[in-house]
Amino acid sequence: MRGASADGRRMADDPYDSGAVLEAEDAAAVAAAGRGDVDDADWLQRMRHSAAHVLAQVVLQMFPEGKIGIGPPIDTGFYYDFDLPRPLTPEDLSEIQKRMRKEIRRNHRFVWDEIPLAEARERFDDQPFKQELLDQFSADSDHVGICTHAEFTDLCRGGHVESTKQIGPFRLTNVAGAYWRGDEKRPQLQRVYGALFPTREELDAHFARLEEAQRRDHRRLGRELELFAFSELVGAGVPLLLPDGAIIRQEMERLIRELQDERGYREVWTGHLARGELFRRSGHLDNYSDVMFPAMHEHPDEVDAGDDGDAYFLKPMNCPVHMMLYNNSLHSYRELPLRYAEYTTLYRYEKSGQLSGLTRVRSLTQDDCHIFITPEQISDEVARVLELVQTLFSTYGMPNFRYELSLPGEGGKYVDDAEAWRTAVSALRGALDEAEIDYVEQEGEAAFYGPKADLFVSDVMGREWQLSTIQLDLIQPARLGCVYVADDGERRTPVVIHRAIHGSFERFLGILIEHYAGAFPLWLAPTQARCIPIADRHLDWAHTVAAELRQAGLRVDVDDGNERMQAKIRNGQRRKIPYMLVIGDREVESQSAAVRVRNGEDLGAMPLAEIRSMLSEQYRSRANQPS
RNA sequence: GCCGGCGUAGCUCAGAGGUAGAGCAACGGUUUCGUAAACCGUAGGCCGAGGGUUCGAAUCCCCCCGCCGGCUCCA
């Protein structure tokens, strides 16, 4: 049975009752009603934005003295920010949700209008956040948009469905703190989040995706696969790699060493400490002391406030130290580019609320490098670094990343040398274009010492993390007295490229775990193959097979427990071991092993020599196998 | 750092003022098996730390620490 809306448009029966399943026909009818030529994506935004209005409506019903912020659509639904007399509880959320569904069923129309600013001021006289928005709008126009449904009116530029019944299936998910206008110095509001999709199926699929994502969350897999751990006693943000996690990290280091050695990098080692005076001269103590661990003074009692020059600091980055290394001798332009690579752990005091598994830690190890070049060499060297990045990511089979070109913006933190910035920015941009890399430009995101190109990937929860970075430094070399002798005999200041390819091994490992869902390709897998003897009489040959494969440099073990073969296979699968080598009477007889691939495929009995060469080749070539 | 939620066995969780529980994992024994879970048994806990209320606290209160979600930040 179908009803009709007030203006005669055909409406479907209420599809929002919990448990009700939309038939495809009804869903289409709901979606099509009143849409005109609005496309699907826009319509979805409208549903989400409209749902936010209903959310604000019922929250004000429950808290008449509440103050409302803003309520935009987001990529999975919507949110609305509130200032309320008390924190919202999970019970409040279900109550709000219940009331929202009730209001939606009443099928209120959304009526948009444009009114004079002064009228809006009066209308929202008890809403300070709206007043602030009006202040802002008053610069552009003397009229503003408002949208009314039922008893609720919101300041709004538009973009709604026609009436509340057209709002798709949704669920309120959580409440979180959020600063007004994203400014940490402004009041913190309560943000209520909701998920909303065009159909119930898509909403369910969204939550199924979330669950699936949680299964491949590196924090969970790290524990299940015994890759890493944290200890409350050791401290927050200090990841501890267990033996299997350490193997993966060794493989990562081995890869980047190999790639960098081939490309003329020279490895150095500079330890973990440096004096405050160094970081003062480099500019870090002024710009970034809040992320540095506090000074370590020899005689803390005798120190005047702020006198950290003689204190030691844990290095938060290597750059100034590498510049001291560079200054150890006088360099000719003929030696450039000079590339110092270092894999030393750095320490950054990330605020407690920022810490997150391996992706945000307080002790991190970069594959860090500083390249000293002449200004003329910028483009070529950046191109070489980009090539290295591409090679690394294709080795890992990770194609899903994006680049950001960070440029200077307003504000005083940037080094004042317009000419140098222009040169550096155009060199970076040129190299990205030359490599045919897509990127977005971000103003105000540059480092204080120069522009940078960063590579971002998303984790399984959709959060973006910076991995690779290529930064041009226009200031530190001069501050720290770096020079080279040019071909005319003059001493000049080199440009320095700061770059990291993995970024940090810790973060990259976290991303990698999620990328492979813990099922690492053979070259990274902590255990590459496991021998599974069917009965005790097969133990000897199983151990022989394992020993021979280990002799070839492969990581192989034997499950010699007293479980049945099926249980051993199950355990091996759960460990996500790439290959299992089943050994019974037939295999002992023919000096072979039955090869089971992680994906369940049975390759049948293969002679030991053949297994060895197959696995060795996969290891050597760092193949993205098995699947 | 801020707002909210949460810390009970290695893991997942139950217990909500009155004797600390289950499943899986672990360990021991039996079993010797052909491609994702054999059977029996044993052990495992300062209920995150400290302080308070109470005759009595895993349970209520305070304060730390840690974790989770979000915000802010990220050289």
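The values are calculated or read from the model by the stated rules, or taken from the named source; none is laboratory data. Owing to the predicted nature of the structure, the values given are computational and were not obtained by experimental measurement. Here Cβ is always computed from backbone atoms with ideal geometry, including for glycine, and neighbour counts include all displayed protein chains.
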Over the range A:424-460, the set of residues within 17 Å of A:Gly510 (Cβ to Cβ), among the aliphatic types (A, V, I, L, M) and in contact with a Leu (Cβ under 8 Å, 6 or more places away or on another chain) is A:Leu455, A:Val457
Within the range A:490-517, residues in contact (Cβ under 8 Å) with a residue 40 or more places away in the chain and in a strand (DSSP E or B) come out as A:Arg492, A:Val495, A:Val496, A:Ile497, A:His498, A:Arg499, A:Ala500, A:Ile501, A:His502, A:Gly503, A:Ser504
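For the range A:409-467, which residues satisfy the criterion of being under 30 Å from A:Arg215 (Cα atoms), touching a strand residue (DSSP E or B) at 6+ places or on another chain (Cβ under 7 Å) and surrounded by 13 or more Cβ atoms within 10 Å (Cβ to Cβ)? I'd like the intermediate steps shown before the answer.
At the first step, the residues of the range A:409-467 found to be under 30 Å from A:Arg215 (Cα atoms) are A:454-467.
Now narrow it down to the ones that are touching a strand residue (DSSP E or B) at 6+ places or on another chain (Cβ under 7 Å): A:454-459, A:464-467.
Result: A:Asp454, A:Leu455, A:Phe456, A:Val457, A:Ser458, A:Asp459, A:Trp465, A:Gln466, A:Leu467.
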Just one listed residue, out of A:Leu407, A:Leu467, A:Leu428, is more than 20 Å from A:Leu364 (Cβ to Cβ) and touching a Gly at 6+ places or on another chain (Cβ under 8 Å), and it is A:Leu407
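Mind checking which residues of the range A:573-588 are near RNA strand B (Cβ under 8 Å from one of its atoms) and under 14 Å from A:Ile534 (Cβ atoms)?
Step one: filter the range A:573-588 for residues near RNA strand B (Cβ under 8 Å from one of its atoms), giving A:573-574, A:580, A:582-588.
If the condition is that a residue be near RNA strand B (Cβ under 8 Å from one of its atoms) and under 14 Å from A:Ile534 (Cβ atoms), then A:Met580, A:Val582, A:Ile583, A:Gly584, A:Asp585, A:Arg586, A:Glu587, A:Val588 are the ones that fit.
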Quick one: is A:Lys102 within 16 Å of RNA strand B (Cβ to nearest atom) and within 21 Å of A:Phe82 (Cβ to Cβ)?
no
TODO: Inspect all residues belonging to the range A:151-168 and state whether any of them is closer than 21 Å to A:Glu95 by Cβ and surrounded by fewer than 17 Cβ atoms within 10 Å (Cβ to Cβ).
DONE: yes
If we keep only residues of the range A:297-317 that are within 16 Å of RNA strand B (Cβ to nearest atom) and over 22 Å from A:Leu355 (Cα atoms), then the residue modelled with the lowest pLDDT is A:Asp308
Of those in the range A:456-489 that are more than 14 Å from RNA strand B (Cβ to nearest atom) and free of Cβ contacts under 8 Å to residues at least 40 places away in the same chain, the residue nearest to A:Leu221 (Cα to Cα) is A:Ala478
Among residues of the range A:270-294 being in contact with a strand residue (DSSP E or B) (Cβ under 7 Å, 6 or more places away or on another chain) and part of a helix (DSSP H, G or I), the residue surrounded by the fewest Cβ atoms within 10 Å (Cβ to Cβ) is A:Gly276
Cβ pairs under 8 Å, 6+ apart or interchain, first in the range A:333-355 and over 30 Å from A:Ser379 (Cβ atoms), second among the polar types (S, T, N, Q), ordered by first then second residue, are A:Thr345/A:Ser363; A:Thr345/A:Thr365; A:Tyr347/A:Ser363
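Residues being of a type outside the set (S, T, N, Q) and in a loop (DSSP other than H, G, I, E, B): count how many of those fall in the range A:297-331.
Of the residues in the range A:297-331, the ones of a type outside the set (S, T, N, Q) are A:297-317, A:319-326, A:330-331.
Filter once more, so that each one left must be in a loop (DSSP other than H, G, I, E, B): A:297-299, A:303-311, A:315-317, A:330.
The number of residues fulfilling the criteria is 16.
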Here the residues within the range A:136-175 that are out of contact with any Cys (no Cβ under 9 Å at 6 or more places or on another chain) and either acidic (Asp, Glu) or within 16 Å of RNA strand B (Cβ to nearest atom) (or both) are A:Asp140, A:Asp142, A:Glu151, A:Glu162, A:Arg171, A:Leu172, A:Thr173, A:Asn174, A:Val175
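Any residue at all in the range A:354-371 that is among the acidic types (Asp, Glu) and assigned by TED's automatic domain parsing to the domain that holds A:Gln466?
Step one: filter the range A:354-371 for residues among the acidic types (Asp, Glu), giving A:367-368.
Then drop every residue that is not assigned by TED's automatic domain parsing to the domain that holds A:Gln466, which leaves A:367-368.
Scanning the range A:354-371 turns up at least one residue that is among the acidic types (Asp, Glu) and assigned by TED's automatic domain parsing to the domain that holds A:Gln466.
Matching residues to (1) in contact (Cβ under 8 Å) with a residue 12 or more places away in the chain; (2) part of a loop (DSSP other than H, G, I, E, B); (3) not assigned by TED's automatic domain parsing to the domain that holds A:Asn107:
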residue: A:Leu134; (1), (2), (3): yes, no, no
residue: A:Asp140; (1), (2), (3): no, yes, no
residue: A:Thr153; (1), (2), (3): yes, no, no
residue: A:Arg157; (1), (2), (3): yes, yes, no
residue: A:Gly177; (1), (2), (3): yes, no, no
residue: A:Ala205; (1), (2), (3): no, no, no
For the range A:182-194 the number of residues that are within 12 Å of RNA strand B (Cβ to nearest atom) and in contact (Cβ under 8 Å) with a residue 12 or more places away in the chain is 6
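Within the range A:272-296, take every residue that is touching a Phe, Trp or Tyr at 6+ places or on another chain (Cβ under 7 Å) and farther than 14 Å from A:Leu346 by Cβ and give me the one that is nearest to RNA strand B (Cβ to nearest atom). Can you show your working first?
Here is the first cut: in the range A:272-296, the residues touching a Phe, Trp or Tyr at 6+ places or on another chain (Cβ under 7 Å) are A:273-276, A:279, A:283, A:285, A:287, A:291-293, A:295-296.
When the remaining residues are screened for being farther than 14 Å from A:Leu346 by Cβ, the result is A:275-276, A:283, A:285, A:287, A:295-296.
On the way: A:Arg275: 15, A:Gly276: 13, A:Gly283: 9, A:Leu285: 9, A:Asn287: 7, A:Ala295: 14, A:Met296: 16 Å.
Step by step, filter the range A:272-296, then rank; the result is A:Asn287.
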(request) Scan the range A:528-545 and give yes if some residue there is more than 8 Å from RNA strand B (Cβ to nearest atom) and out of contact with any strand residue (DSSP E or B) (no Cβ under 7 Å at 6 or more places or on another chain), otherwise no. (result) yes
Report task. Could you tell me whether the range A:295-305 includes any residue that is within 21 Å of A:Pro477 (Cα to Cα) and either surrounded by 14 or more Cβ atoms within 10 Å (Cβ to Cβ) or of a type in the set (Val, Ile, Thr) (or both)? Result -> no
Restricted to the range A:232-244 and to residues being outside any strand (DSSP E or B) and more than 9 Å from RNA strand B (Cβ to nearest atom), the residue nearest to A:Gly353 (Cα to Cα) is A:Pro239
If we ask which residues in the range A:602-627 are within 12 Å of RNA strand B (Cβ to nearest atom) and either touching a Ser or Thr at 6+ places or on another chain (Cβ under 8 Å) or at pLDDT below 95 (or both), their number turns out to be 2
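Got at least one residue in the range A:560-572 being away from RNA strand B (no atom under 16 Å from the Cβ) and within 22 Å of A:Pro243 (Cα to Cα)?
Of the range A:560-572, the ones away from RNA strand B (no atom under 16 Å from the Cβ) are none.
No, that holds for no residue.
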Quick count over the range A:594-612, residues being within 17 Å of A:Trp523 (Cα to Cα) and surrounded by 14 or more Cβ atoms within 10 Å (Cβ to Cβ), is 4
Checking A:Leu455, A:Leu428 in turn, the sole residue that is in contact with a helix residue (DSSP H, G or I) (Cβ under 7 Å, 6 or more places away or on another chain) and in a helix (DSSP H, G or I) turns out to be A:Leu428
By residue number, the members of the range A:174-193 that are modelled with pLDDT under 95 and hydrophobic (A, V, I, L, M, F, W, C) are A:Val175, A:Ala176
Being in contact with a His (Cβ under 8 Å, 6 or more places away or on another chain) and not acidic (Asp, Glu) narrows A:Val558, A:Val595, A:Val582 down to just A:Val558
Checked the range A:207-224 for anything part of a loop (DSSP other than H, G, I, E, B) and within 12 Å of RNA strand B (Cβ to nearest atom); matches are A:Asp217
Residue under question is A:Phe448, and the condition is that it be at pLDDT 95 or above and within 16 Å of RNA strand B (Cβ to nearest atom); does it hold? no
